[in-house]
1. Working carefully through the options 61, 39, 49, find the one that is within 20 Å of the chain's Cα centre (by Cα) and at pLDDT 90 or above.
2. Please count how many residues of the range 47-65 are out of contact with any helix residue (DSSP H, G or I) (no Cβ under 6 Å at 6 or more places or on another chain) and either without any contact (Cβ under 8 Å) to a residue 12 or more places away in the chain or surrounded by 11 or more Cβ atoms within 10 Å (Cβ to Cβ) (or both).
3. Suppose we filter 46, 57 for residues that are closer than 30 Å to residue 75 by Cα and in a helix (DSSP H, G or I); which single one remains?
4. Among the listed residues 75, 28, 68, which satisfies the condition of being out of contact with any helix residue (DSSP H, G or I) (no Cβ under 8 Å at 6 or more places or on another chain) and in a helix (DSSP H, G or I)?
5. Counting just the residues of the range 66-120 that are in contact with a strand residue (DSSP E or B) (Cβ under 7 Å, 6 or more places away or on another chain) and surrounded by 13 or more Cβ atoms within 10 Å (Cβ to Cβ), which one comes out nearest to residue 20 (Cα to Cα)?
């Protein structure tokens, strides 16, 4: 059974568009994962530094263009919550990356199958 040239060309364009879209999204997701990892590492380092300070040390947080004194426990709690949220975001982004990589790989395989079947 032979596929008409128009239908084959349309199919190839659709598969190629899916592959290009997946490849672009892979780049975006990898950049997002790198950003989240960097933010997570900064939060861990900051929490470690705050934990090493004496309890009576004054801690300030930036709010816009000013700094506000906050209890160190509040800052530690905020940083731990932020770290947990970032880990959750990274996990979901890694799942999305896996899905996109699978989609890209499948698109490539489909293109190869179409060319092989057309050449035969």
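The values are calculated or read from the model by the stated rules, or taken from the named source; none is laboratory data. Treat the numbers as computed from the prediction; the structure is a model and nothing was measured. In this analysis, Cβ positions are derived from the backbone assuming ideal geometry, glycine residues included, and neighbour counts consider all displayed protein chains.
1. Numbers: 61 fails: within 20 Å of the chain's Cα centre (by Cα); 49 fails: within 20 Å of the chain's Cα centre (by Cα).
On inspection, the qualifying residue turns out to be 39.
2. To start, the set of residues in the range 47-65 that are out of contact with any helix residue (DSSP H, G or I) (no Cβ under 6 Å at 6 or more places or on another chain) comprises 48-49, 51-58, 60-65.
Applying the additional criterion that residues be either without any contact (Cβ under 8 Å) to a residue 12 or more places away in the chain or surrounded by 11 or more Cβ atoms within 10 Å (Cβ to Cβ) (or both) yields 48-49, 52-54, 56, 58, 60-65.
Selection size over the range 47-65: 13.
3. On the way: 57 fails: in a helix (DSSP H, G or I).
Step by step, each of 46, 57 is checked, and only 46 is closer than 30 Å to residue 75 by Cα and in a helix (DSSP H, G or I).
4. Details: 75 fails: out of contact with any helix residue (DSSP H, G or I) (no Cβ under 8 Å at 6 or more places or on another chain); 68 fails: in a helix (DSSP H, G or I).
Just a single option satisfies the conditions, and that option is 28.
5. Going residue by residue through the range 66-120, those that are in contact with a strand residue (DSSP E or B) (Cβ under 7 Å, 6 or more places away or on another chain) are 67-70, 72, 75.
Filter once more, so that each one left must be surrounded by 13 or more Cβ atoms within 10 Å (Cβ to Cβ): 70, 72, 75.
Values: 70: 48, 72: 48, 75: 43 Å.
Ranking the candidates gives 75 first.
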